[in-house]
Amino acid sequence: MNFEHFLKDDSAAWMSGDQQHGDIVMSTRIRLARNLDGHRFPRAFSEETAMAIDRQVSGVLLDAEQLAIHFSHFDLTTKSALQKQMLVEKHLISPQLAKKETVGSVLLADDESISIMINEEDHIRIQCLEAGLQLEKALAKANVIDDYIEASIDYAFDEKYGYITCCPTNVGTGLRASVMMHLPALTMTNQMRQLISMMPRLGLVVRGLYGEGTEAIGNYYQISNQVTLGKTEEEIIHDLTVIVEQIVLRETAARKAMLEHASIAVSDKLHRAMGTLQHARILTTEEAAVCLSNVRLGIDLGIINSIPNEVLNKCMLAMQQGFLQQYAGTTLKPNERDVYRATLIRDMILDGINHHNGEKGEDSYDV
Amino acid sequence: MICENCKQRPATVTVTHTRNGEHYAKHYCDVCSEEIGYAKTASEDTQPMSIAQIFSSWFGIPDWSTDTPESTIENQSDIQCANCHMTYQQFLQQGKFNCPHCYETFSQQLPQVFKRMHNGATKHIGKVPSGLQESYQLKKEIENLRQMMKIAIQDENFEEAASLRDKIYHLQAKLQQGGAEDDEL
């Protein structure tokens, strides 16, 4: 697959959610950190080592005939900052990998559900994305890749400490299991802060949309395990699942309570969000994300039915700075971005409404 | 109530100042309180990047402090990884290892580090690479037998201890034959 294939704006699997958990659980991510024995970690290695590791790992996976997954290899040092940004926005690589200038490459599966980052913080990071709450499925997939690599490459493994990683917070299983959740009702009712402060006691942590060090925007949160040592992979996933299901229940209850106690106020707020998306001329990322989140809530609650969820997913992806500038075909200053974002979202929403109503799009009078 | 700073958002943080024995209460929203610096602890919690600070405050000496007890410095900076030359002190400051060998170098110090991070755990019980599985099992068995032998010796049950010792020898020989590819670290 050529590189452009992975820069398309088809809505990514991680945004689509699943039936079972309403639209509260958006997606699941599994990440395994692995290192090659006898080599320094990327933070301290030479460029020759970096190249040797890249060749070795991608060599194994590119010829993987028994694996039935086709990978494409991209050297990220040859890609532009914009292209890397777009991969970050699609969750195919981490912001940390995108920032690296001299090393770093990625192997992407054709369907974008698996990406293997090479020479990020660790030599190898296997990442599997699934829509909805599917931790077991994603872990099984990651394990297949892990076993395949391990058959021909010696991992750094210690009997006492397990898989050895650059950061001591990943040691042991090297597993970070994350679930991305859309929690507007818990956020609006100020319950998130309490929830976030409670998590460390359960060995879990709440992060923003793009993982470590990022803020939650648009009421999207990523719940992950913090502890990687002293628990089996299955225990980690089980514990996370239990908590996620609890949070789903609480979000559902909060939504119900909101509707019961303030139905007209909620309806007003969500319709206003729709109005903003349809008519605003300047939209910051934050405002766009909040409005899209509110409209999504409106759809979930049956208050808004003029537009399908897929359009919102597409807007979520398109409104981020990388994709936005790709659409614009040029680099934009921050204030220009906000104007262009508003125009783009306006068009996409209008288009979505027209399609949804089965009408042929009337000429846009909205310019 | 509205934030006294931005006069826009609702106030959620109350800060009490004491001046000349009198108390003043100021009300800020969470955004302003963070900017002004009152919500320091809350914002640090959400930033995993401060890991270096957490490290030094937990396991060593604060990195800004110059007049630290010398004994601590000596004990810790003595250790240096033979492979990548990282010192334990550097590890504390940076919060990351430089190479797999560091784990062996700092093996005395690591349990207390991991305990803090992983809710008291110091031992991996999850997946084992299948290539290592066999030798891993053997080593576990040997460890168990050693424990049993110790108990036998304490109980002055020397016959049993001798037979356990022979079993250990046997397993160790097996480990050396079969564990040729087992060159972890």
Check: Of the residues that make up the range A:104-118, is at least one of a type outside the set (D, E, K, R), touching a residue at least 12 places away in the same chain (Cβ under 8 Å) and within 11 Å of chain B (Cβ to nearest Cβ)?
Finding: no
Margin query: Given the condition modelled with pLDDT under 90, farther than 30 Å from A:ARG296 by Cα and among the β-branched types (Val, Ile, Thr), answer yes or no: does some residue in the range A:69-79 qualify?
Written below: yes
Check: Of the residues A:THR102, A:THR77, which single one is surrounded by fewer than 18 Cβ atoms within 10 Å (Cβ to Cβ), assigned to a loop (DSSP other than H, G, I, E, B) and among the hydroxyl-bearing types (Ser, Thr, Tyr)?
Finding: A:THR102
Notebook entry, point to check: Which numbered condition trips up A:ILE299, out of (1) under 21 Å from A:PRO184 (Cβ atoms); (2) among the hydrophobic types (A, V, I, L, M, F, W, C); (3) not in a helix (DSSP H, G or I)?
Noted result: (3)
Next item on the list: Restrict the check to the range A:336-356 and report whether at least one residue is on the phi > 0 side of the Ramachandran plot and surrounded by fewer than 17 Cβ atoms within 10 Å (Cβ to Cβ).
Entry: no
Note to self: If I ask for residues that are of a type in the set (Gly, Ala, Ser) and touching a residue at least 60 places away in the same chain (Cβ under 8 Å), which ones from the range A:22-52 would you list?
What the structure shows: A:GLY22, A:SER27, A:ALA33, A:GLY38, A:ALA50
Check: Tell me, which residue of the range A:21-47 that is facing another protein chain (nearest Cβ under 10 Å) and not in a loop (DSSP other than H, G, I, E, B) is surrounded by the fewest Cβ atoms within 10 Å (Cβ to Cβ)?
Finding: A:LEU36
Checklist line | Conditions (1) under 21 Å from the mean Cα position of the chain (by Cα); (2) modelled with pLDDT under 90; (3) under 22 Å from A:CYS291 (Cβ atoms); (4) within 12 Å of another protein chain (Cβ to nearest Cβ): number failed by A:ASN190 | finding: (1)
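Which residue out of A:GLU286, A:GLU233 is surrounded by fewer than 19 Cβ atoms within 10 Å (Cβ to Cβ) and within 14 Å of chain B (Cβ to nearest Cβ)?
On the way: A:GLU233 fails: surrounded by fewer than 19 Cβ atoms within 10 Å (Cβ to Cβ).
After ruling out the rest, the residue left standing is A:GLU286.
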Check: Are any of the residues in the range A:49-56 among the hydrophobic types (A, V, I, L, M, F, W, C) and surrounded by fewer than 18 Cβ atoms within 10 Å (Cβ to Cβ)?
Finding: yes
Margin query: So A:VAL179 passes all but one of these: (1) of a type outside the set (Ser, Thr, Tyr); (2) more than 22 Å from A:GLU286 (Cβ to Cβ); (3) within 11 Å of another protein chain (Cβ to nearest Cβ). Which condition number does it fail?
Written below: (3)
Checklist line | Which numbered condition B:TYR136 fails, given (1) within 7 Å of chain A (Cβ to nearest Cβ); (2) at pLDDT 90 or above; (3) not in a loop (DSSP other than H, G, I, E, B) | finding: (2)
Checklist line | Scope the range A:150-170; condition buried (at least 22 other Cβ atoms within 10 Å of the Cβ) and more than 7 Å from chain B (Cβ to nearest Cβ); matching residues | finding: A:TYR163, A:THR165, A:ASN170
Notebook entry, point to check: Checking A:SER263 against (1) surrounded by fewer than 15 Cβ atoms within 10 Å (Cβ to Cβ); (2) polar (S, T, N, Q); (3) touching a Phe, Trp or Tyr at 6+ places or on another chain (Cβ under 8 Å), which test does it fail?
Noted result: (3)
Note to self: On the basis of being touching a helix residue (DSSP H, G or I) at 6+ places or on another chain (Cβ under 9 Å), surrounded by fewer than 19 Cβ atoms within 10 Å (Cβ to Cβ) and closer than 18 Å to A:ASP158 by Cα, does B:THR105 make the cut?
What the structure shows: no
Notebook entry, point to check: If A:ARG55 satisfies every condition in (1) touching a residue at least 12 places away in the same chain (Cβ under 8 Å); (2) not in a loop (DSSP other than H, G, I, E, B) but one, which is the exception?
Noted result: (1)
Margin query: Suppose the filter is touching a Lys or Arg at 6+ places or on another chain (Cβ under 6 Å), surrounded by 17 or more Cβ atoms within 10 Å (Cβ to Cβ) and more than 30 Å from A:TYR163 (Cβ to Cβ); does A:LEU312 pass it?
Written below: yes
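The values are calculated or read from the model by the stated rules, or taken from the named source; none is laboratory data. Given the structure is predicted, the values throughout are model-derived calculations rather than measurements. Neighbour counts are summed over all protein chains in view; Cβ atoms, including those assigned to glycine, are modelled from backbone coordinates with ideal geometry.
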